[in-house]
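*Asks:* My questions will all concern the structure given below.
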Amino acid sequence: MLALEINNLTKDYTVGFWKKRPVRALNDLNLQVGMGESFGFLGPNGAGKTTTLKILMRLIYPTTGEAKILGCPLDDMQMRARIGYLPEQPYFYDYLTARELLNYCAKIFGLNKAEALKRTDDLLKRVGLFEAADKQLRKYSKGMLQRAGLAQALINDPEVLFLDEPMSGLDPLGRREVRDLIAALRDQGKTVFFSSHVLSDVEALCDRVAIMNKGCLIESGKLSDILKSRTNELEAVVTGIDEATLNELQVFATQIVPAPEGAHVRVQSDKEIEYVLSIVHRAGGRLVSVNPVRESLEDLFVREISENAKVAKQAAS
Amino acid sequence: MKVVPIALNTFRESVRDRVLYNLILFVLLLVGASIFLGELSMSQESKIIVDIGLSAMRIFGVLISIFIGIGLVYKEIDKRTIYSLLAKPLHRHEFILGKYFGLCLTLFVNSVVMALGISLALLFVKGGADPIQIKIWPTAYLIFLELMVMTAISLLFSSFSSPALSALLAFFLFIIGTFSADLKLFAATVGSGVVKVMCQALYYVLPNLANFNFIMATAHGNTPSVGMMGAATMYAALYISALLAATVMIFQRRNFK
Ligand SMILES: Nc1ncnc2c1ncn2[C@@H]1O[C@H](COP(=O)(O)OP(=O)(O)OP(=O)(O)O)[C@@H](O)[C@H]1O
Ligand SMILES: [Mg+2]
């Protein structure tokens, strides 16, 4: 059984007050996520990530297409009891305390009192809100709300979790904690489907990713397969060199990005690195590091979008 | 039933938002009235306490049902608290019913406390037990039915229009509803076809709040008959069901942006 199956999902929003016209937010999306997978749903702002998740959570209705979670249609109540959802920039009743919120959610799932109390305590500890558990949510910081949101998404011990940008609004330590939490859930065998626009968030966590742009699925698969690691290319970080030396390096480098007290020098292969090193050393500079160049998510977008544009042009001619 | 936790939470919200503080104002009003009316004869005084008390109960209640009612669903959407809720095993109609009965519970508590206050004031004015202290309760029950109708009206409007417009429309219906019995009279006096049919149609569509009004008669020591109370209850149940069904139907199709 698949944890999630999306078939030809399309969503048009109607915009404009007088002259109504449709705006396509999601275009013919097809996606499958297996049980136990942790799946990263990537894309820049406006890619359609939240739109997809909102359709899956029945907050908006698709224009066409359908989706199944755990093999069930979206309005299946038994299935709903087996999933969890963290909305984007979550906000909850600010007159409740975190403990009350979790208890309330537990009641909606029909958990009995003892079970609800136990899970509430466990979860508050797990997301690091135990000390603040009896404070009203209106006094919470953004990061604390995010944690409360995670806790409410986990109250029913769900098999499949849908998280819309779970790490946004968190400080570095908080990001790390949430990352560890997701990793722990994955290790427990849960399916985690989460959206993000930060590559490093998903790198460590995801088995597979889908990359969206402007409502269209650009690519999906293993991250390592998608990001072409141009392994031959190397980047050397050097310091303590002057302008003249930089100009000298230009001959060997494919790209030079000046940095404070030095530069990032990209070269074709390890052969050129030797030349670069000798020049730097002669000039009295220092080598800080040499790393293989890996494509970033930004590079990927640029590459994909330009390729798509090319394909479109060819199709037109 | 998922309606219960939602209703209880809605009740908790209004308590924490200090909605019940209106009771303080109400008590002050009653105490003030009893003191300033001290000059009048005893029977006059109790008449006015009943009139002022029950009328204030109605107006305060209507204000709550309109101004909280229009925000019931709007606030949940605006603040996006509804997102995590509807993803859970919860039908949209359960959500609507929960919000509705939550506010009704608030109004119920509010009305019971007010009616107790009136009974106490009457005890004080009469200087002892008197049938009038009991006689106000059936009338208070009718007022509560009216408040339930007004809450359903506010909820319906807020399911498709902005809070400000909803409040305006609900208030407008409250005024019309109070006088809609006149519409029927008017229809009877008008001879010609179209106007007559229109007036009659309006009479049946608009809420007839006169069904719930027994305040003046109670002040004169009367109680509503069992037949009247039964009819009013039936009317409220039917009218509220229709309103809630319409609200659910609209709400069912909504996209939450
Ligand atoms: N309520 C709405 N009305 C009209 N257009 C909308 C609405 N919500 C979203 N859109 C449009 O749909 C597209 C997809 O938006 P969506 O929120 O799904 O993006 P996203 O991938 O979640 O972006 P972000 O990273 O900023 O959260 C955008 O172009 C957006 O402008
Ligand atoms: Mg988003």
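The values are calculated or read from the model by the stated rules, or taken from the named source; none is laboratory data. Please read these numbers as outputs of a predicted model, since none were measured by experiment. All Cβ positions, even for glycine, are placed from backbone atoms using ideal geometry, and neighbour counts span all protein chains on display. Please note that ligands, DNA and RNA were not included when accessible areas were found on the heavy atoms of the full protein model with its side chains. Shrake-Rupley method; radii C 1.70, N 1.55, O 1.52, S 1.80 Å.
*Asks:* Considering the stretch A:119-178, what Rg and Dmax in Å follow from its alpha-carbon atoms?
*Replies:* Calculated on Cα positions, Rg and Dmax stand at 11.2, 31 Å.
*Asks:* Something else now. Measure off, as a whole percent, the carbon and sulfur share of the 1.4 Å-probe accessible area of chain A, all protein chains present. All intermediate terms of the calculation are to be shown ahead of the outcome.
*Replies:* Numbers: 7840 of 15300 Å².
The C+S portion of the solvent-accessible surface of chain A is 51 percent.
*Asks:* Using a cut-off of 22 Å between alpha-carbon atoms, which lysines can reach B:LYS196, once sequence neighbours fewer than 8 places away in the same chain are excluded?
*Replies:* Leaving aside lysines fewer than 8 places away in the same chain, those within reach of B:LYS196 are B:LYS184.
*Asks:* Across the stretch A:234-292, how large is the tail of the calculated P(r) beyond 18 Å, expressed as a percent of all Cα pairs?
*Replies:* In whole percent, the share of Cα-Cα pairs in the stretch A:234-292 beyond 18 Å is 15.
*Asks:* Residues in the stretch A:38-63 near a label at A:SER224, defined as backbone nitrogen under 18 Å from the 7 Å Cα→Cβ point?
*Replies:* Taking a point 7 Å out along Cα→Cβ of A:SER224, the residues of the stretch A:38-63 whose backbone N falls under 18 Å are A:38-40.
*Asks:* Starting from the Cα of B:LYS126, draw a straight line to each of the lysines and keep only those under 20 Å, dropping any in the same chain fewer than 8 residues away.
*Replies:* B:LYS47, B:LYS135
*Asks:* Next question. If the cut-off is a Cα-Cα distance under 26 Å, which lysines reach A:LYS118, setting aside same-chain residues fewer than 8 apart in sequence?
*Replies:* Of all the lysines, those that pass the test against A:LYS118 - Cα under 26 Å, at least 8 places apart if same chain - are A:LYS107, A:LYS135, A:LYS139, A:LYS142, A:LYS190, B:LYS2, B:LYS88.
*Asks:* Tell me, what % of the accessible area of chain B is carbon and sulfur with a 1.4 angstrom probe?
*Replies:* Values: 8630 of 11650 Å².
On chain B, the fraction of accessible area on carbon and sulfur atoms equals 74 percent.
*Asks:* Let me ask something additional. With an 8 Å cut-off on Cα pairs and a minimum separation of 6 or more residues, tell me the relative contact order of the stretch B:3-253 in percent. Walk me through the intermediate numbers first.
*Replies:* Values: 287 pairs, mean separation 67.4, N = 251.
Normalised by residue count, the contact order of the stretch B:3-253 is 27 percent.
*Asks:* Report the label-to-label distance for B:LEU8 and B:VAL112 in nanometres (one decimal), using points 7 Å from each Cα along the Cα→Cβ vector.
*Replies:* About 1.6 nm, to one decimal.
*Asks:* Here's a follow-up. Angle check, please: helix B:132-158 long axis (alpha carbons) against the longest principal axis of chain B (alpha carbons), in degrees 0 to 90, nearest 10.
*Replies:* With both axes taken from Cα atoms, the answer is about 20 degrees.
*Asks:* I've got another one for you. R0 = 51 Å: FRET efficiency of A:GLU243 with A:ASP207, Cβ-based, nearest 0.05?
*Replies:* Details: r = 47 Å, r/R0 = 0.92.
The calculated FRET efficiency here is 0.60.
*Asks:* On to the next question. With all distinct Cα pairs included, what does the Kirkwood hydrodynamic radius of the protein assembly as shown come out to in Å, to one decimal, could you say? Each step should come with its number before you reach the end.
*Replies:* Values: mean 1/r = 0.0349 Å⁻¹.
By the Kirkwood definition, the hydrodynamic radius is 28.6 Å.
*Asks:* Which translational diffusion coefficient, to the nearest whole µm²/s, is obtained for the stretch A:91-212 from the Stokes-Einstein equation, given a Kirkwood hydrodynamic radius over C-alpha pairs, 4 °C and 1.567 mPa s? Intermediate results must be reported in sequence, preceding the final value.
*Replies:* Working: Rh = 14.9 Å.
Answer, rounded: 87 µm²/s.
*Asks:* Let me ask something else. To the nearest 500 deg cm²/dmol, what mean residue ellipticity at 222 nm is calculated for the protein assembly as shown from DSSP H runs of n ≥ 4 alone, each contributing -39,500 (n - 2.57), summed and divided by the residues? Intermediate results must be reported in sequence, preceding the final value.
*Replies:* Details: 22 runs with 318 residues, N = 574.
The helix-only estimate for the protein assembly as shown comes to -18000 deg cm²/dmol at 222 nm.
*Asks:* Please state the charge dipole magnitude for the protein assembly as shown, taken about the Cα centre, from unit charges on C-beta atoms (+1 on K and R, -1 on D and E), reported in debye and rounded to the nearest 20. Intermediate results must be reported in sequence, preceding the final value.
*Replies:* Working: 60 positive and 53 negative charges, 314 e Å.
In total the dipole reaches around 1520 debye.
*Asks:* List the residues of the stretch B:211-243 whose backbone N lies under 19 Å from a point placed 7 Å from the Cα of B:ILE134 along the Cα-to-Cβ direction.
*Replies:* In the stretch B:211-243, the label zone of B:ILE134 (backbone N under 19 Å from the point 7 Å along Cα→Cβ) covers B:218-230.
*Asks:* So between B:ALA231 and B:SER55, what do we pick up on full extension, going 0.36 nm a residue minus the alpha carbon distance?
*Replies:* Details: separation 176, 0.36 × 176 = 63.36 nm, distance 2.15 nm.
Here the segment from B:ALA231 to B:SER55 would lengthen by 61.2 nm.
*Asks:* Describe numerically, in nm with one decimal, the distance between label points set 7 Å from Cα along Cα→Cβ at B:ALA164 and at B:LYS184.
*Replies:* Placing both labels 7 Å along Cα→Cβ, they lie 3.7 nm apart.
*Asks:* List every residue whose amide H lies under 5 Å from the amide H of A:VAL288, counting only residues 5 or more places away in sequence or on a different chain, with H placed 1.01 Å from N in the peptide plane.
*Replies:* The list, which skips near neighbours in sequence, is A:VAL237, A:VAL238, A:THR239.
*Asks:* Expressed as a rounded percentage, what relative contact order does chain A have, with Cα pairs under 8 Å and six or more residues apart?
*Replies:* On the way: 579 pairs, mean separation 59.2, N = 317.
Across chain A, relative contact order equals 19 percent.
*Asks:* Let me ask something additional. Calculate, for chain B, the solvent-accessible area per residue in square angstrom, rolling a 1.4 angstrom probe over the heavy atoms of the protein chains.
*Replies:* For chain B, the solvent-accessible area averages 45 Å² per residue.
*Asks:* Could you estimate the translational diffusion coefficient of chain B from the Stokes-Einstein equation, with Rh from the Kirkwood formula over C-alpha pairs, at 25 °C and 0.890 mPa s, in whole µm²/s? Kindly include the intermediate steps, with their values, before the conclusion.
*Replies:* Working: Rh = 19.6 Å.
It diffuses with D of about 125 µm²/s by this estimate.
*Asks:* Here is a follow-up. How far is helix B:3-16 tilted, in degrees, relative to the longest principal axis of the Cα atoms in chain B, given as a value from 0 to 90 rounded to the nearest 10?
*Replies:* The answer is roughly 60 degrees.
*Asks:* Using the Kyte-Doolittle scale, find the helices of chain A whose mean hydropathy is at least -1.0 and whose Cα atoms extend 27 Å or more along the helix's long axis, counting only whole DSSP H runs.
*Replies:* On the way: long enough: A:297-316 (28 Å, -0.18).
Long hydrophobic helices here: A:297-316.
*Asks:* Can you tell me the FRET efficiency between A:GLN78 and B:ARG253 if r is taken as the Cβ-Cβ distance and R0 is 30 Å, rounded to the nearest 0.05?
*Replies:* On the way: r = 24 Å, r/R0 = 0.79.
For A:GLN78 and B:ARG253, the calculated efficiency is 0.80.
*Asks:* Also: Using the heavy atoms of the protein chains alone and a 1.4 angstrom probe, what is the accessible area of chain A per residue in square angstrom?
*Replies:* 48 Å²
*Asks:* Identify which of A:LEU234, A:LEU287, A:LEU53 has the largest mean-square fluctuation in a Gaussian network model of chain A, with springs joining Cα atoms closer than 10 Å.
*Replies:* Comparing A:LEU234, A:LEU287, A:LEU53 in a Gaussian network model of chain A, the most mobile one is A:LEU287.
*Asks:* Over the alpha carbons of the stretch A:2-226, what is the largest minus smallest coordinate on each principal axis, giving the biggest first in Å?
*Replies:* That gives 46, 46, 34 Å along the principal axes, largest extent first.
*Asks:* Take the Cβ-Cβ distance between A:GLU274 and A:ARG294 as r, set R0 to 25 Å, and report the resulting FRET efficiency rounded to the nearest 0.05.
*Replies:* Values: r = 22 Å, r/R0 = 0.88.
Here the calculated transfer efficiency is 0.70.
*Asks:* Would you mind giving the total buried accessible surface between chains B and A, with a 1.4 Å probe and ligands, DNA and RNA left out, rounded to the nearest 100 Å²?
*Replies:* On the way: alone 13100 and 16710 Å², together 26950 Å².
Its buried surface, counting both partners, is about 2900 Å².
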